[in-house]
Structure formats: structure tokens, C-alpha cells
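Worksheet for the structure shown next.
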Amino acid sequence: MDRETPTTRDPVDFVGLGLLVVWVGALQVMLEQGPEAGLVRVHFIVTAAVTAAIAFLAFIAWELTDRNPIVDLRIFRKPNVYGRGAALFVCFCGFGRQSPSSFPLWLQTNMGYTATAAGEMIAMNCGLGRIAAPLTSHTRVEVDVRAVIFFGMLVMSGASLYRIGFNQDMTFWQLVPAQLAIGLRSAILVYDHHEPHCLRR
């Protein structure tokens, strides 16, 4: 008896994929090269910006009208958590997760930390995260996932507000609380990948 699931092959949206590559690539070039560009290269940066803008608008128009878009933008029409709410949540979490990437650079260039000392500071992220990770895993059935994610968002917001006041006069241990909170936040927010059905209405 054949138990294999029938497979289908959907057409690939090569046009949408190409436009996506163009506008993201041009935008990245503009953002990376823009601050260091002199008068000689200013036309190159302007060209990259215009290219990114035109390709982005063309990408939006194509994806909204194509039958099999590479990125289904029609999901943003849905008001529930799978639409606009989920997109905003992912963006907010993305900014929160990427912000610590520049922290070691700041420690070494502005605070005079060695690579080892900066690594010890980043290692503080594992402190509360090691404790919270197994707890969130065990409570994913008993506790509403939305409450856990909301708590993680509060922790991330508090850590971000605390980091705003960072300055070169702070000691090692004055910087540690934010790192502990970031580790706790990371352990909590990965919780949303376990039970996505709990987010449904």
C-alpha cells in the first residue's frame, strides 16, 4: 500500500526574488558605504538609494498581484496575531536580539576592555538564561504562551531602557544586570516557537 504523501511543485516567483535581492542589496550598500562616502562617491550612494527605492516599490506591487509570490504580503491584511501583530512582534524582537551584537565592539573601543574582558561580559547572558530555558520548556503546556511572551517582552524592554543610560564611567558589575536580563529574555522569547497554535483565537 502506497503511504507516500502526494507532492506538488509550485512555480517559483523568480521576478519577486530578483526584485527582493536588488532592493535589499542596494539598501545594504547604501547603509554600509554611505557614512564613509566622500564627494566622489556621493553619486554612487544616491544611485544605490534610488535603486533600492524603485526596486522596493516594484517588489511590493509585484508581490501583491502575483499568484504565487515569494513573500506573501497579503498576510498583513489579517488583523490577528498572524498578520500585522506578528510582523510587529518579530521586528521588535529582531531589533532587541541584534542590538547586543555591537556591545562587544563598544566595550573594546570606548571602555578599553580587552577581548577577554568583553567576552566575559557577553558570557553573563548565559546566567539567568540557563535557569529560565528549562523552566519555559516545562511550563509550555500549563501556562498560556501569550503571558510568557508578554513577560519576555517586558524583560527585553526593561533591559533596553537600562542600556540607554550606559556610559564610560560605569563599572563592570553595573553593566552586568542588563546582560543577565538579555539572557533571560532570550530564553523566554524562544518559547513562542514551541506552541504556535496557542496564539490562535
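The values are calculated or read from the model by the stated rules, or taken from the named source; none is laboratory data. Remember, it's a predicted structure, so these values are computed and weren't measured experimentally. Quick reminder, even Gly has a Cβ in these numbers, built from the backbone with ideal geometry, and neighbours come from all protein chains shown. Ligands, DNA and RNA are stripped out before the accessible areas are found, and what is left, the full protein with its side chains, is counted by its heavy atoms. Shrake-Rupley method; radii C 1.70, N 1.55, O 1.52, S 1.80 Å.
Odds and ends about this structure:
- Residue within segment 115-138 that is open to solvent by 40 Å² or more (accessible area, probe 1.4 Å), over 16 Å from Ala178 (Cα atoms) and modelled with pLDDT of 80 or more present: yes
- The residue pairs whose first member lies in segment 51-74 and is under 17 Å from Asp10 (Cα atoms) and modelled with pLDDT under 90, whose second member is surrounded by fewer than 17 Cβ atoms within 10 Å (Cβ to Cβ) and acidic (Asp, Glu), and whose beta carbons are closer than 9 Å, counting only pairs six or more residues apart or on different chains, are Asn68/Asp10.
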